[in-house]
Amino acid sequence: MERGGVVEPDVASLDRLFRSESARAIATLARIFGDLQRAEDAVQEAYLEALESWPARGTPRNPAGWILSVARNRAIDAVRREKTATKKYDLLARLEGAAISDPMTNDDPIQDDRLAMNFACAHPALAPETRVALTLRYAAGLTTEEIAAAFLVPLPTLAQRLVRAKRKIVQSGIPFSVPAPAQMPERLPDVLAVVYLVFNEGYRSSQDGELVRVDLCRDALRLTRTLCRLMPGEPELLGLHALMLFHHARRATRVNGRGEAAPLEEQDRERWDVVAIAQGRAALAEAQRHRHPGPYQLQAIVAAAHATAASWDATDWPAIRRAYDALYALDPSPVVALNRAVALAFSGAFDEAMREVDGLVEGPLSGYTPALIAKADLLRRGGEPAEARRWFERALPSLATEAERKIVERRIAECATV
């Protein structure tokens with residue numbers, strides 16, 4: 001609603017703005033400060049001011065630009081209040097001279113502060129276990145709770161990890177800038193891991209109430225496109241781009257008309273994004289021309305087999321199984337083993353697959369919800385509804401969203417009527 005040339009605000013829209021734009025505002029000020037905590041404090045103050053002033057005055061026409069401008073002004077105020085003169089006047093000069101670009105139009109990859117933040121947080125001086133968490137928080141704008149859920153670690157542990165990482169950035173003088181081309185390859189794996197985790201949080205949100213967060217998926221894709229322009233011909237980067245495009249193509253069918261998380265075999269393929277699928281195929285083909293397969297390319301091959309199949313029955317399960325065989329040779333993790341076992345089952349080796357799944361759920365994946373659901377689903381398909389129901393019920397309490405709970409509840413009801 002407009003009033004006097006401005007738009008009436010509401011709490012939900014302000015919350016969406018904070019989630020989508022706070023990361024960029026923090027990244028922009030971090031580039032100036034070289035200090036994440038200072039930047040975060042300034043942005044928090046700007047949002048508090050928005051909460052106080054917008055209900056009376058209305059939302060500005062460019063709310064993201066307003067937040068950036070006010071955050072910079074609050075940062076200037078904070079620096080002026082400091083008693084020590086050490087670096088104070090240099091910071092003031094940089095803050096006052098900083099040109100805050102319009103976040104809706106700035107698309108220069110070298111000037112993208114969030115991309116610079118990604119590389120800063122993937123710096124070799126930082127501990128490997130903190131790099132991804134730090135970037136998810138400050139480059140992608142995920143909450144500490146979301147990151148803890150993605151990492152399967154306690155919230156206090158994750159919070160302390162972030163505090164130590166911020167301190168390390170200041171102590172080591174890590175710059176918030178895109179590195180020189182010669183430095184990019186060694187930093188790329190951590191940056192790709194960050195981007196993929198951002199995408200996964202959007203594709204399967206850990207927050208109740210929404211299974212898919214399209215904003216995060218699009219943000220991850222935008223960062224990947226920027227990286228592709230900066231580093232053309234990197235096969236794993238191309239593989240990740242293809243992988244995300246194949247998944248993103250199915251975004252409209254991830255939740256069905258009953259509000260359930262729709263299984264792949266039940267999704268309406270006519271509603272899949274054919275442009276995204278074509279772009280994914282092109283990116284994967286370019287990656288494969290380098291003949292240097294890696295984990296992202298192999299996962300993209302799996303996603304391509306699903307995205308290009310005319311129907312569920314037409315899925316090329318032997319190709320998927322071969323891709324998982326190759327992926328397991330590179331990454332013999334329990335999660336890869338689980339996916340490989342499911343591919344085995346659909347390739348005709350059902351008994352072998354069940355033995356592998358049993359070993360995983362009784363061992364390294366005993367508390368992993370997707371493993372419980374995979375076993376339940378294989379039991380259901382194998383004609384053991386009572387046992388399948390038991391495993392579905394075991395998985396139900398740990399599901400994060402209502403959409404996921406609804407589909408499992410339907411499976412439980414189906415098993416009970418057989």
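The values are calculated or read from the model by the stated rules, or taken from the named source; none is laboratory data. The structure displayed is predicted, hence computed values, not measured ones. Positions of Cβ are backbone-derived with ideal geometry, glycine not excepted, and every protein chain shown enters the neighbour counts.
A compact table of results
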{"quantity": "Whichever residue in the stretch 307-324 is in a helix (DSSP H, G or I) and surrounded by fewer than 20 Cβ atoms within 10 Å (Cβ to Cβ) and, among such residues, is farthest from the chain's Cα centre (by Cα)", "calculated": "Pro318"}
{"quantity": "Ala329 being loosely packed, with under 14 Cβ neighbours inside 10 Å and at pLDDT 95 or above", "calculated": "yes"}
{"quantity": "Residue match in the stretch 334-343 (condition: loosely packed, with under 15 Cβ neighbours inside 10 Å and more than 30 Å from Leu188 (Cα to Cα))", "calculated": "no"}
{"quantity": "Check on Arg258, touching a residue at least 40 places away in the same chain (Cβ under 8 Å), surrounded by fewer than 19 Cβ atoms within 10 Å (Cβ to Cβ), under 21 Å from Ile407 (Cβ atoms) and of a type outside the set (Gly, Ala, Ser)", "calculated": "yes"}
{"quantity": "Yes/no for Val212 being modelled with pLDDT under 85, surrounded by fewer than 23 Cβ atoms within 10 Å (Cβ to Cβ) and touching a helix residue (DSSP H, G or I) at 6+ places or on another chain (Cβ under 7 Å)", "calculated": "yes"}
{"quantity": "Helices (runs of 4 or more DSSP H) fully within the stretch 135-203 counting 2 or more residues that are within 30 Å of Ala242 (Cβ to Cβ)", "calculated": "144-151, 184-203"}
{"quantity": "Hits in the stretch 146-178 (condition: within 18 Å of Arg213 (Cα to Cα) and in contact (Cβ under 8 Å) with a residue 40 or more places away in the chain)", "calculated": "Glu146, Ala149, Ala150"}
{"quantity": "Given (1) surrounded by fewer than 16 Cβ atoms within 10 Å (Cβ to Cβ); (2) touching a Ser or Thr at 6+ places or on another chain (Cβ under 9 Å), index of the condition Val170 fails", "calculated": "(2)"}
{"quantity": "Residue selected from the stretch 359-370 under the condition in a helix (DSSP H, G or I) and within 15 Å of Ala337 (Cβ to Cβ), by the criterion nearest to the chain's Cα centre (by Cα)", "calculated": "Pro370"}
{"quantity": "Test: residue in the stretch 130-144 that is touching a residue at least 60 places away in the same chain (Cβ under 8 Å), in contact with a Lys or Arg (Cβ under 6 Å, 6 or more places away or on another chain) and of a type outside the set (Val, Ile, Thr)", "calculated": "yes"}
{"quantity": "Single residue of Arg250, Arg225, Arg289 found to be at pLDDT 95 or above and surrounded by fewer than 18 Cβ atoms within 10 Å (Cβ to Cβ)", "calculated": "Arg289"}
{"quantity": "Only one of His241, His247 that is outside the structural domain of Glu145 (by TED's automatic domain parsing), closer than 30 Å to Leu396 by Cα and assigned to a helix (DSSP H, G or I)", "calculated": "His247"}
{"quantity": "Given (1) assigned to a helix (DSSP H, G or I); (2) in contact (Cβ under 8 Å) with a residue 12 or more places away in the chain, number of the condition Asp351 does not satisfy", "calculated": "(2)"}
{"quantity": "Residue check, Ala64 under 24 Å from Arg167 (Cα atoms), at pLDDT 80 or above and either surrounded by fewer than 18 Cβ atoms within 10 Å (Cβ to Cβ) or not β-branched (Val, Ile, Thr) (or both)", "calculated": "no"}
{"quantity": "Unique match (being of a type in the set (Gly, Ala, Ser), closer than 22 Å to Glu21 by Cβ and modelled with pLDDT of 85 or more) among Ala242, Ala220, Ala150, Ala193", "calculated": "Ala220"}
{"quantity": "Tally, over the stretch 371-398, of residues that are farther than 23 Å from Met354 by Cα and part of a loop (DSSP other than H, G, I, E, B)", "calculated": "0"}
